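Student: Just passing along the structure, written as structure tokens.
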Amino acid sequence: MIKTQVVVIGSGPGGYTAAFRAADLGLDVTLVERYENLGGVCLNVGCIPSKTLLHTAELINESYEASKFGVTFDEPKIDIDAVRANKDSTVAKLTGGIKALAKARKVNVVNGYAKFSDANHLQIDNGESIEFENCIIAAGSRVTKIPSFPFDDPRVMDSTDALELENIPKRLLVVGGGIIGLEMATVYSALGSEITIVELSDQIIAAADKDIVTPLFKKVKKQYKNIFLETKVTSMEPIKEGIQVSFEGKNAPQSDIFDKVLVSIGRSPNGNLIDADKAGITLMIMALFLSISKCGPIFHIFLPLEILWDNPCWRIKQSMKQRWLLRSLLVINLVLMCLQFHPLLTLTLKLLGQEVQKKNCLLQAFSTKKVFFLGRRLEGV
């Protein structure tokens, strides 16, 4: 039995930041991570590897566009193994750094999948159990999959598969025109794939402001083979020639064949996989209910908002939010966190490049950093 003052479930940007801050403040901390490497989805199979590949794509694209400035390059020669190795090296450096920081702070790292057994105990699938005074749930999210799609065929990929760069297909279909889908489309397009995007809503990056999305749409529409909006995939069938995909929607063909298909329709939060109900917590989309148990109100378990609804903006803000949470944990056991809006401007700019930066140079994304304690606002936490 491991006894600890603070246990953190998940070692992503929210989890490891909370664990490190708690350790810095003198608390005994245990960090539970299901995988061998720390850093969560973001560092291992999300933000970091995708941005590394986007940088490679940017270099390739700039080599073509440099002629506008009077500089001409030969056709780029792409070594896909070297591109993959660079991506893996970047991830290894950062995850190794997180591991070193955890060791320096004497954070006890436990590898395994954690589930609640009651309001003060966790059971790990490696046989260990943890008794805690306070718990921070930062369990992150997982790829959302459609059961009817043939994911057992290696030609049908999710975002994690796409980051492996096993090969570069001649024709790639991207199902889902959100941030993840467009990032991978940008990478594979630069590496030589012919891209088709299918999106159910009436615009790409459906959650973003239309004024920001429009210039991005105009740019990628020229680069990709097709972008079908207000269209859904009704079926996928593996055949010898590739993946035969049937469509239903505006301007889309009845069916087409692709060498590979990337399904990027979003991510699902892991909050419903940790038996939170055994701790007296009921998790629902966009809502959190702390139930009353025989021991009284549960005021020692804390949850980032991404546990309830996976949102890329919240993922980016987790490291700062956890600092405020840990400061408050020492002075009061109940933290009320306000839902804030964080524009998708930064991610859109990364995809679009200089064009939108010039047009929107005065746009800035502000976030309010507030934690309330007994009616007073704590700043600079």
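Student: Could you say whether any residue in the stretch 174-183 is in contact with an Asp or Glu (Cβ under 7 Å, 6 or more places away or on another chain), part of a loop (DSSP other than H, G, I, E, B) and either surrounded by 22 or more Cβ atoms within 10 Å (Cβ to Cβ) or not assigned by TED's automatic domain parsing to the domain that holds residue 85 (or both)?
Tutor: Applying the first criterion (in contact with an Asp or Glu (Cβ under 7 Å, 6 or more places away or on another chain)) to the stretch 174-183 yields 176-177.
Adding the requirement that they be part of a loop (DSSP other than H, G, I, E, B) leaves 176-177.
Still in the running and either surrounded by 22 or more Cβ atoms within 10 Å (Cβ to Cβ) or not assigned by TED's automatic domain parsing to the domain that holds residue 85 (or both): 176-177.
Yes, the stretch 174-183 has at least one match.
Student: Which of the residues belonging to the stretch 194-218 are crowded, with 21+ Cβ neighbours inside 10 Å and either at pLDDT 95 or above or within 11 Å of residue 230 (Cβ to Cβ) (or both)?
Tutor: 195, 196, 197, 198, 199, 204
Student: Follow-up question, since we're still on this one. What is the residue count in the stretch 219-242 for residues that are within 27 Å of the chain's Cα centre (by Cα) and in a strand (DSSP E or B)?
Tutor: 9
Student: While we're looking at this one, here's another question. Please go through (1) out of contact with any strand residue (DSSP E or B) (no Cβ under 9 Å at 6 or more places or on another chain); (2) without any contact (Cβ under 8 Å) to a residue 24 or more places away in the chain; (3) not aliphatic (A, V, I, L, M) for residue 86 and return the number of the only condition it doesn't satisfy.
Tutor: If we test residue 86 against (1) out of contact with any strand residue (DSSP E or B) (no Cβ under 9 Å at 6 or more places or on another chain); (2) without any contact (Cβ under 8 Å) to a residue 24 or more places away in the chain; (3) not aliphatic (A, V, I, L, M), just (2) comes out false.
Student: Looking at the stretch 46-71, I want the residues that are in a helix (DSSP H, G or I) and have a partner that is hydroxyl-bearing (Ser, Thr, Tyr) with Cβ atoms under 6 Å, at least 6 apart or on another chain. Which pairs are those?
Tutor: Final answer for the pair search is 52/90; 57/186.
The values are calculated or read from the model by the stated rules, or taken from the named source; none is laboratory data. Computed from a predicted structure; not experimentally measured. Cβ: placed from backbone, ideal geometry, glycine included. Neighbour counts: every protein chain shown.
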